[in-house]
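The values are calculated or read from the model by the stated rules, or taken from the named source; none is laboratory data. It should be emphasised that the depicted structure is a prediction, and the values quoted were computed from it without experimental measurement. Cβ coordinates were reconstructed from backbone atoms using ideal geometry, including for glycine residues, and neighbour counts include every protein chain displayed. When the accessible area is computed, the model is the full protein with side chains, heavy atoms only, and any ligands, DNA or RNA have been set aside. Shrake-Rupley method; radii C 1.70, N 1.55, O 1.52, S 1.80 Å.
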Amino acid sequence: GWQASMKSGSLSYILPCNRLPVQLMSQVRVYTSNGQKKDLGSEDTNRSAREETIHKVETGRQDTTNAGQKQSLLKQPIQVKVKAVLKKREYGPKYTQNNFITGVRAINEFCLKSSDLDQLRKIKRRSPHDDIETFTVYLRSDVEAKSLEVWGSPEALARERKRRKEAEIKYRENLFRNQRLLWEYKQFFGNTKPRSSTAAMFFKGPGKVVMVAICINGLNFFFKLLAWVYTGSASMFSEAIHSLADTCNQALLALGISQSARTPDPSHPYGFTNMRYIASLISGVGIFMMGAGLSWYHGIMGLLHPHPVESLLWAYCILAGSLVSEGATLLVAINEIRRSARAKGLSFYQYVVQSRDPSTNVVLLEDAAAVLSVAVAATCMGLTSLTGNPYYDSVGSLGVGTLLGTVSAFLIYTNTEALLGRSIEPEQLQRLTELLESDPVVRAIHDVKATDMGMSKVRFKAEVDFDGRVVTRSYLEKQDIEQLLQEIQQVKTLEELEAFMLKHGENIIDTLGAEVDRLEKDLKQRNPDVRHVDLEIL
């Protein structure tokens, strides 16, 4: 058992007999607040003498035990195992100088010329772009040394960077003025540039549908406005406002189509495709505010303050012409949607509800509402002419406003869903997932997200658990195995082992990157809708 003796100023422990005794003697010293030291061991001489006597007795008892245990310990052999561990390296700022840098960044960040880079070492690396297999990079340390050679000192380089930054700010400030001057020159001398691809968009597909609708609805608005001035009919006023709203909204759609064709820039790396949805959303809000709102207002005012309606003969003639023209535009929109839905493998209803082509959807719904509203207006005007009751005409105006409100609510909902970034169809997502999982290099995929960016453009993202054995085997298949075996046999020290592993480890990482590029290319080729692929290594 344990035996312990504790005295003031000393402490001793006696372990069991089968263990080595360990004694711990400590002397307590107290320091006062004024810096003086008090030695408790010198305060009581008699107490110290008694403690010394007790200590000698205990020491005598333990000597015999220590002698026997020391002899038993000396007979046992001592085995020491030494584990070789590579010393952990601290990576400082100097280590990052071995990083690579592209020529464009070298010129911009270190204020160099392209001729300055010709004298530096060129390294071919795997390109991140689909259209280029390899591209040239430079060692960052070489670029930094060259910049100091060109500018003389870090201070001179910093001054040059500051000067270029100020020049860039000044250029941006004058950019608007330069664009304005360029526009004035074009207006004065005339634009002699050939027709751009943006203008060609309005002669086919959704652009053609929108332009036809603008022309027809503009003519309808003009004739309906004349009929309202002549008859004073509330329903005819609603029809005129309806045609005006359609014309303005379709002009907004044309603007959205032209803006969506702009090429991506650094501020908008994924392009301007969503401009069509933005224009359609604003169009839906315009239909609600301008079309439905004014129609409701005019109908309510007709119910509160009814007035007799003049001859409706001209109104009937204009409504008949409007029915024919709106019906023709509706047929053009229907044929375009059928053709596009057939190309995507979707039904007519799915194509419209999913808002695959927002511009054509707006024309379709506006013209469908226009045809129905013409029928409602003609019916209510007929009842008014037969009965002589102007309330029927006001009810027709309310009916047209309700129809326009329903169309606007549908447009606002579908375009808002598209702008929020909805997921693609589950069947299409399952096909993309199966394509990745069937590849030997992929062990598993997690956190899969596929977002419809609009206009049949999909962004796919997944975290991929790669099989390291397959990646390594893919690297070994491209190596000379006999030469690799000789390199392994020549490894004798830790430094040689480290150099061997660093060399082939970097090459294996490059092989993994090449496998990622291959998977992304396969996804895009087998699924043309997939434009952007982000595969994260898990």
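In square angstrom, rounded to the nearest 10, how much accessible surface does Cys111 have for a 1.4 Å probe?
10
Using the beta-carbon distance between Cys215 and Phe348 and R0 = 30 Å, what value does 1/(1 + (r/R0)^6) give for FRET efficiency, to the nearest 0.05?
Between Cys215 and Phe348 the formula returns 0.75.
Longer than 31 Å from Cα to Cα, which of Lys344/Lys478; Lys124/Lys146; Lys124/Lys461; Lys344/Lys449 are they? Say none if no pair is.
On the way: Lys344/Lys478 41 Å; Lys124/Lys146 20 Å; Lys124/Lys461 28 Å; Lys344/Lys449 21 Å.
Check vs 31 Å cut-off fails for Lys344/Lys478.
Alpha carbon centre of the range 405-479 versus the range 231-286: separation in Å?
Between the Cα centres of the range 405-479 and the range 231-286 lies a distance of 31 Å.
If we count every other residue with Cβ under 12 angstrom of Ile257's Cβ, Lys/Arg +1 and Asp/Glu -1, where does the sum land?
+3
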